[in-house]
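Data first, discussion second: the structure below is written as structure tokens.
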Amino acid sequence: MKNSILILLVFISISSGLLFSLILGYCMWFIKPNLNTMPGIQIYDMSYKATLDDIFPLFALVCYRKNAAHLPVLVIMHEYTEINDRYSLMETAKRFAEKDFFVIVPDMRGRGRYAERNLVQYNINSLSVPSLLKRIILKIYSGISSRGIFIKPSSGKSDSSGKEIHDIYDAVEFVKKNYNEIVDGSNINIIGYSGGGGNVLAAITKSPDYFNVAVSYFGISDYKSWYEATNSADIKHQLISDLGGTPNEVPDKYQIRNFIEAAGNNESTMIFLFVDEEDRLTPKWQSEAFHSKSAKSKLYLSRRQDPIRYMHGRPSQVPDIIESENAFVLRMKQSSPKKEPTDRVFLANGFLYYKNITVLFGSGDDSMFKVKWIEEGNSERIIPSVLTGKSEGVVILHDAGEYNVCVYENQKEALEATTLDKHKLAFKIKSDKEYKITRLK
């Protein structure tokens, strides 16, 4: 009798083990890195090169509705710490693609080492199995998989809203050239969360009026004060690693990451700022200070008694964030009217990207300067004046392959160009001199 019971128990154990293995095997097959899980939505990785310093490859996730055309472009920026990348916001990308946007989710430099796990996490969440089994599957997968086998990370090293911000424009320009039958290249929008919100504030100040609508959820407008106020050892470690030291050790690096004074660079971009009064990770004054200097921004500050709270987190974690999207989605689909050329003065943090021209001093990551920009028909005159950092810089013309270009210093001396590639020319410049750039077909 005892032997019969023992045999029965062994049989049940083996059968249960085989059944569990079959279920687990099916789940593991289903959740392996796979992007083809969204009916009606086209989604895949896109690779491109940084035009500022030729870093390659950089990766971005693109996501859009199949058989669509003339879609407004929406750039979505991931959060700050290194575990976040282009796959962290898969659900958000899918949701906006279903709202008829062409979505681009670029990695910041060096990110994507956890992309495989983030994608698997997304696929696990789509399984119709108990939550305990989901956790077990993710634990097993994390234990047996090596990062970067199936999904490669972006090249380079992150620099916390420094030169890597230029990669955002490169991703958009790549899409405009290679998906021109699908996108409306005149309507570019951007949205970001936490560190991604900081990327948004950096991008709109470094490239005035490039974006139609910009949305920052609990974004960082001043990295020095953020470093000094945070209690997070991970954030401080990331900042020190990215910038090369503390605010006392590399003050210029932190100074050019204060975007508050440059908030007035935009005349056309509509800016939406969301934050909660009790946010401890990115305090509300980061958004309030930027709003105080920007005539084109709207501040949405939620308070304890409000029915809707903009709590720090991803949209998939905070339903109120999804609810708040009603404030700007329709505006994103309406392109800003074209403005007549006017004389402008910009405050540039590290570099300035305007009219497909990049102006930078020093390394592009350690100098602050002003630029007077005057448009005259097919010519533009720029007068840079360095405030901090090196007085030698460079002008990069990104569309030089489409024109015959002449650059004159102080309206008389033609500058010799350095050919960077078939589309790109560079000219050396100095502070407090005038440069006239003429493009002729």
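Just so you know, all these numbers are worked out from the coordinates, no wet-lab data involved. Here the structure is a predicted model, which means the values were calculated and not measured. Cβ placement follows ideal geometry from the backbone for every residue including glycine, while neighbour counts extend to all protein chains displayed.
If the convex hull of the alpha-carbon atoms of the range 344-440 is projected onto planes in all directions, what is the mean projected area in square nanometres?
5.5
With the biggest extent put first, the Cα atoms of the range 280-378 measure 52, 33, 25 Å across the principal axes. Packing, as the average of other Cβ atoms within 10 Å across residues, places the peptides 94-104, 61-71 in the order 94-104, 61-71, highest first.
Report the Rg/Rh value for the range 196-243, based on alpha-carbon coordinates and the Kirkwood definition of Rh. Rg/Rh for the range 196-243 comes to 1.05. For the range 41-332, the residue among 67, 210, 198 whose Cα projects farthest onto the positive side of the dipole built from Cβ charges is 67. Cα extents for the range 324-396 along the principal axes, largest to smallest and rounded to whole angstrom: 45, 34, 18. Suppose the Debye formula is applied to equal point scatterers at every Cα of the range 261-329; what is log10 I(q)/I(0) at q = 0.12, 0.17, 0.22, 0.24 Å⁻¹? Result of the Debye calculation: -0.33, -0.65, -0.99, -1.10. Placing a label point 7 Å from the Cα of residue 285 along the Cα-to-Cβ direction, the residues of the range 229-257 whose backbone N falls under 16 Å from that point are 229-231.
Tally the DSSP beta bridges in the range 157-293 and give the antiparallel ones as a percent, rounded to 5.
On the way: 1 of 11 bridges.
Antiparallel bridges: around 10 percent, rounded to the nearest 5.
Hey, if you drop one equal point scatterer on each alpha-carbon of the range 41-332 and run the Debye formula without solvent, what base-10 log of I(q)/I(0) do you get at q = 0.14, 0.15 Å⁻¹? For the range 41-332, the Cα-only Debye profile gives -1.05, -1.22.
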